[in-house]
Each structure stands twice: as C-alpha cells, then as structure tokens.
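Below is one structure; the comments refer to it alone.
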Amino acid sequence: MSFTKLLTLFSRPNYVRRHKIRGRGSGRGRDIVKHRAVKRRSVVLGIGATAGVAAAGGFALSAQASGESSGGSGAKASGASGALAFDKDDHTELTTTITDAAGDEHEVKYHFYKAITYVTKPVDEKYQSLNVSVPVEIDGKAVDATGAPILLANSVGGYMPSSVAEATGVGGGEMTGGPGGGATGGASAGASAAPSASASASASTGSGGVQSGGNAMVDAQGEMVNLGKLALVTGYVVVEPGARGRTLVDSDGTYYGTAPAAIVDLKAAVRYVRANKGRIPGNTDRIVSSGTSAGGALSALLGASGDSPLYDKYLKELGAAEASDAVFASGDWCPITDLEHADMAYEWNWGANKLSSGSLVDRTVSKELSTAFADYQASLKLKTKGFGTVTARNLDEYLVKTYLEPSATKYLAALSDSARATYLAANTFITWSGGRAAFSWADFLTHVGARKKDTPAFDAFDLSSGENNLFGTGTTKARHFTLYSLRHEGSASARLPGDLPGKIDLMNPMHFIAKRNPARSKHWWIRVGTKDSDTSLTVVGNLALSLENLGDDVDAFMYWDGAHGSNEDPADFMAWIAKVTGYEKRSAK
C-alpha cells in the first residue's frame, strides 16, 4: 500500500431569568442562572496579577476610533439585532491591580460584561458564552477603547470544553495543565526578562512546562502568563469565549462537543462580536485571536478559515449572527494541529528519541510513519530562499538554520559571560563563535532527550488519545482518523467513515491555507518551545512557511529550551498587536 494514499433555547444576553436549556439529557439540561450586572458599580478586587505590559504600543489613552476597513472579506457583515444585540450598559465596573513586565503595578478600572450567550440556539450555554472586558482607566487616566484592538483569547486545552461562565473578572476562564501538571486557576504572570542559566537548567528536566493537553502559558522562569490581563493593562478590549469540547456527554451517552464543535463555537463568538460593530467597545475589524496548545491550533484555524462556507450549516444550526467570522490577526502558541499528518511528523522529528522510561518506541511503526511523512512534506511544495523546495531531506537543516540556531543564539547572548560559559560547558554540542550558536540536528535531538509520546502519538492504536475522542461521534467516544491506525488495527482495506474526511478538514488550518482562502488573517504570531515534544516542531515550521509562501506577515520563533506552553515574550506580542493593527500610531496622537 502506498503511503501517499494515506494523505488522502433562545436567550437575550444578560437577560435576568432562570431557565432550563433544552436538549437531550442532564448534560445539557442543567439550570443556569443569569444575573443582570449592577451598572457602573465599582469593586476593588486587588488581584495581585503579574501580567506584563508592552513597552512599545503603550497605554492607548484617549485614543480615537479609527474607522478603518475590515481585514476580512466582509461578505457576511450585518448588524446584530434582538437576542444577539450587545447591551453596552449591562456591565459591572471593576478595579484590579496588574503588575507589568518591569514589576510595576498598575490600577486598572474596567467594565466587565459577564456570560453573554453568543448564539440564539445554544446547545450548552455554559460553554457557548463569552466575557468582555473594556478598560476605562489605567492609573487614574481615562482610556477611550472605542478604536482599540480586540484580543479574542480562548482558553481551550486538549480540545476539551472551555467555560468563562463562572469567571469573576478578566482572565478568569478555565485554565488547566499548569507547570508540573497542576491546575492553574487562571493566575497570570509577567513577561520574562532575559533567560537565565537556571531557567534553562529547569527546562532541561522538563519542569516549568505545561501538562500535555493543558492550555496554560508560562514564561522562562515558569511563572504564569495571562494574555487577557496583559491586553487589558495595555489598553485593549478583551473578549474571552467559551467553547464546547470533546469530553462533553449527555445522559444518553451522546458526545456533543466533538469535532467540529470547538471551532464552530469560536467562529460564532467572532460573528457575535463583528455583528455588534458600533455597540461593543473596540475595533471589531481588528480582532486578534490567541490560544495555546489545542487552543493555539484553534486560533490558527480561526485565522486560516475566515468566512469559509464549509462551516455555515453548523453555524446556522446554532443561530449564529449573520456576520463575518474572519479575524484580523492570529497568535498561536505550540499549536497541536495538522492532526491527520501529526503521527507521521512526530516520528520524523522525535522517532530516534527514547521515551522517559528509557525504551525506544516500536521501530517498525516509527519508520513507516516517518517514511509517509516524506510524501506529505513533498506534497506541500514549500519553498524558501537558501533551501529551495523544503523536503524531508533538508527539513532538518531548514529548522536548524531558520529557528533552532537563532533561538540558541538569542538565549546565549542574553546571558552574562559567566552564565554563558557555564551553559556551554554543560552543552558541548553547541559551537559558540562570533556571537552565534551552531550545532547539528542530531545533536539537538540528543539535547532534547526523552520524547513525550509513544507511537502513534495522536491516532493511538487503542483509541486512547484525546484526538481519538475529538473525532468521536454520537455515542461513539473515539474513532481512528488516519488510515494507518485504522488498518493497523483492522482490515487492510478498511475505509474511514464518510463524515470524517470533511470533519478533519474543518479542524486543520493547513487545508484552508492550501486553498489560499482570501479571507484568512494576513498577520501571524507563531511560537513554540524547542523542547516541546507534545507535537513535532515541523508543525510550526510548515505552518509558518506555508503562510510566508502566500505572502502573509509571519512572526515565528522558537523559545530555546522552552517546554510546552512556553510564552517568553508576551509583552512583545502586545506591541506586535499595536503595530499590525495600526493602533500604535493612533494612540500616539
């Protein structure tokens, strides 16, 4: 068999009432109480948050609305009405303290709009609702956020359900899988300063990373990062959407959050925001999405699939707003995406690395998957200066020269002379000359050490992976989604169920990039840690290069010795938002 073939309940937001969501079983029939917020009521929370604030871009104090045109196609734009009309007066006024990257505290007063249902026919409002936070004062200075960028910060991890319904303020959505595998509870942290030798040492042992399937972000010191709070203190509007996820099941045993529920929900949230242009604060034509891990994959998918008609039937079923679901820019951290090729990519990248137990994975399976990846990589036909077409034969060198050596160079250059000498003495595979780091791909793999996942990493033979659950359907919890795993466990002539190819496409940004979707985001911020073996580094490499080949503005970087969930430059991300949206110039007026 050729491996090439393997490639082949209606509610007005914030209306005061008690109701039961209509749906099958108790999983979707719980009582939900919505309370109308007390308008303009000041509450001092004093959240000792440690988010950073962008040094560039600054506070957007008294900025004027821009009135600039949409970054998307605008083909579906229309105003919201009735149940999906945003009520700008229905908020609670909160005051909190956020610490910036320099360690300086800032008092932020903001309007908090809680648990707004963003569709008229929700399956489960606990997950299909969003929160909006709008800055009104920073350190006593008035902020006019009318034309501010809007950060759409999802908190999805592991393709599991995400809810903001119980949050009491900005950045309070569910956050799981913190450093060491614990829950974080939505704590935030500041941007890191230059990496330290001790930070790298801890990264080498795997500490400071996010649990596989988690959605937390950590800086180089292992402290928590919360982009919602960071965006708020920068003067941006923050929208935090919930979304259904793969583990949701009702009393009849029906899974109602499997693919493509999560991306459909996030698109519905974008449509709600864009339909409320002129009502909801912020520039609805300048929405920037963000997410980590599976949330990073969904953020990339939002960016790539804007206004695709492939989702229309799902959005119509939910009663989503008739508006564009294109986002202006996409911020993606360690995206777990391109799932139908992820097993192949993982073995090409990490196949030679042992498991933490010290044993190697099945060598036959690893080799077969790695061989199949060569066909897939060739099919992408990606080109770049200095390498020509990037194939499986030169992909390792491309990653080393484009990402890994520049990452190590930046890391080492930031160290003191003594700390650098100590690090280089402990990592003799690196040649440090003329202020630059150099090493081979093989030595890099040895440096990373144990791989995190067995083989196949995503479409597990025993259907035990989260991704198997993601592609479950009805009362079937998990299914194979690649021919390789399906046929390995069954007949050599087995075929995937008829609904799966379409659903797989709906979950993969590479599908829409290959189609050159005209309404995709044109600005991309992509990050991953070099020691992140939750997926292959080729996922970021191919995502970024595919977008560069289309002429998009791509800022992609790998954090040296960073683990899964690393976010070592959040303040730079805030400044990047100001730059690409043009808000930096307006706020300086």
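Observations, loosely collected:
- Hits in region 141-192 (condition: modelled with pLDDT of 75 or more, of a type outside the set (Lys, Arg) and not in a loop (DSSP other than H, G, I, E, B)): ALA142, ILE150, LEU151, LEU152, ALA153, SER162
- ARG271 being crowded, with 24+ Cβ neighbours inside 10 Å, modelled with pLDDT of 70 or more and either touching a Leu at 6+ places or on another chain (Cβ under 6 Å) or more than 30 Å from GLU93 (Cα to Cα) (or both): no
- Those residues of region 274-319 which are among the aliphatic types (A, V, I, L, M), more than 13 Å from VAL239 (Cβ to Cβ) and within 22 Å of the chain's Cα centre (by Cα), in sequence order: ALA294, ALA297, LEU298, ALA300, LEU301, ALA304, LEU310, LEU315
Yes or no, residue by residue, for (1) under 26 Å from the mean Cα position of the chain (by Cα); (2) more than 19 Å from PRO260 (Cβ to Cβ):
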site	(1), (2)
VAL108	yes, yes
ALA115	yes, yes
VAL123	yes, no
GLN128	yes, no
VAL132	yes, yes
PRO135	yes, yes
GLY140	no, yes
ASP144	no, yes
GLY147	yes, yes
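- Among the residues of region 128-140, just one is surrounded by 24 or more Cβ atoms within 10 Å (Cβ to Cβ) and in a loop (DSSP other than H, G, I, E, B), namely GLN128.
- Hits in region 435-455 (condition: buried (at least 22 other Cβ atoms within 10 Å of the Cβ) and under 23 Å from the mean Cα position of the chain (by Cα)): ARG451
- Restricting attention to region 530-586 and to residues that are out of contact with any helix residue (DSSP H, G or I) (no Cβ under 7 Å at 6 or more places or on another chain) and among the hydroxyl-bearing types (Ser, Thr, Tyr), the residue that is surrounded by the most Cβ atoms within 10 Å (Cβ to Cβ) turns out to be SER566.
- Region 335-360, residues that are open to solvent by 10 Å² or more (accessible area, probe 1.4 Å) and out of contact with any helix residue (DSSP H, G or I) (no Cβ under 7 Å at 6 or more places or on another chain): LYS354, LEU355, SER356, SER357, GLY358, SER359, LEU360
- Residue count for region 253-275 satisfying the condition of being of a type in the set (Phe, Trp, Tyr) and over 26 Å from PRO497 (Cα atoms): 1.
- Just so you know, in region 510-529 the residues that are open to solvent by 10 Å² or more (accessible area, probe 1.4 Å) and in a loop (DSSP other than H, G, I, E, B) include one that is nearest to GLU340 (Cα to Cα), and it is LYS515.
- From the list SER251, SER202, the one residue that fits, being of a type outside the set (Phe, Trp, Tyr), in contact with a Gly (Cβ under 7 Å, 6 or more places away or on another chain), open to solvent by 20 Å² or more (accessible area, probe 1.4 Å) and at pLDDT 85 or above, is SER251.
- Note on region 302-334: residues that are farther than 23 Å from LYS277 by Cα and open to solvent by less than 10 Å² (accessible area, probe 1.4 Å) total 3.
The values are calculated or read from the model by the stated rules, or taken from the named source; none is laboratory data. Being a predicted model, the structure only gives us computed values, none of them experimental. Because the Cβ atoms are built from the backbone with ideal geometry, glycine has one as well, and the counts that use them run over all protein chains shown. Heads up: the accessible areas ignore ligands, DNA and RNA and are worked out on the full protein's heavy atoms, side chains in. Shrake-Rupley method; radii C 1.70, N 1.55, O 1.52, S 1.80 Å.
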